[in-house]
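A.B. asks: The structure is given below, and queries will be raised subsequently.
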Amino acid sequence: MFTNKNLKFPHKAILTSELLQEIHKYPREFFRLLYKNYCDGIICGLNYFIDEEKNLILSAGIVLLDGAFYFLEDNLNISELAEKNNLVGGNDYFISLQKESQKKSPCMTENKFIVNFSEEEQNFTLGKFRFKSKDDFNLPILSDDEDNPFENLFRDSRLNLVEVQFSDKEFATFHPLIFEVVKNFLLSKKNKTPFDYSILTCLQNNEVISLQTVKSYIAEETGEDTFENRRELLETFCQCLVSSEFKSQYSDSEEVTESPRRPPRHIPCQI
């Protein structure tokens with residue numbers, strides 16, 4: 001359950017211990033200041049992992065929607081939720097946020113979003129998958145295909161996160177799990193370019209990189225700077241990562257000549 005609570009204190013309102021706890025738990029003004037210039041998307045958390053019982057778990061986190069912060073305070077079991085919703089095997093579903101209710105009291109307004117499964121893409125999605133069973137969710141990983149190591153990022157048979165927006169300045173970037181796959185590829189890549197090292201350094205220090213950085217990498221390799229959608233942008237980025245190679249300043253056919261050595265200087269001996 002994603003929740004946003006807006007507290008206010010009208011004249012002669014009674015400040016209860018419950019409201020004081022809510023103020024402590026939801027530091028809204030701090031988040032507004034910290035993420036003032038960020039677009040809608042995941043602020044932090046909301047990552048996926050498979051637990052010991054093979055359940056797909058969405059971790060606790062914060063999402064920014066229409067200028068308001070919504071908090072998922074506890075991990076959410078997506079596999080159990082899918083089973084409760086009686087999903088049809090073989091169908092593709094989006095994990096989406098659906099506005100459920102608004103509750104008002106004299107001192108607090110509470111808005112809630114619930115996680116919903118839809119066959120059509122909604123305003124904000126947390127991923128897409130092809131349902132088989134509650135125990136058959138697969139996260140994106142590097143493929144064994146050397147020619148197309150990123151193919152698992154775009155398969156609906158695995159958790160597809162291409163359209164998930166991760167909040168950043170100006171433009172939303174991609175989900176951290178996508179960049180985890182990119183980082184693993186670059187760690188294993190043998191002939192890295194200087195730009196590869198730059199991307200790798202950024203990902204070792206941060207969980208994501210900006211959309212502008214992705215576009216700059218593509219522009220350096222291909223000269224392209226316009227894309228129809230996020231999928232095309234990511235596919236082009238992945239293709240550039242695979243095809244780019246470090247090129248030596250000298251070609252194999254060139255002979256490197258040594259500069260002539262100066263003869264040793266004769267220093268006369270003085271008696």
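A.B. asks: Rank these for me by crowding, Glu146, Glu180, going from fewest to most other beta carbons within 10 Å.
C.D. replies: Glu146, Glu180
A.B. asks: Let me make sure I get this right: for segment 138-246, a, b and c are the square roots of the gyration tensor eigenvalues over alpha carbons, sorted descending. Under 1.5 in a/c it's rounded, otherwise prolate if a/b > b/c, else oblate. Which is it?
C.D. replies: It comes out rounded by the Cα gyration axes.
A.B. asks: Find how much the distance from Leu142 to Ala219 grows on full extension, using 0.36 nm per residue of separation minus their present alpha carbon separation; answer in nm with one decimal.
C.D. replies: Difference between extended and current length: 25.3 nm.
A.B. asks: On to the next question. Take peptides 231-237, 114-120 and line them up by average Cβ neighbours within 10 Å, highest first, as a rough protection proxy.
C.D. replies: In descending order of packing, they fall as 231-237, 114-120.
A.B. asks: Beyond a 28 Å Cα-Cα separation, which of these cross-linked pairs lie in this structure: Lys112/Lys215; Lys128/Lys215; Lys99/Lys169; Lys128/Lys192?
C.D. replies: Lys112/Lys215; Lys128/Lys192
Coordinate-derived values only; no laboratory data. What you are looking at is a predicted structure, and each value in this text was computed from that prediction instead of being measured. Backbone-built Cβ (ideal geometry, glycine too); neighbour counts: all protein chains shown.
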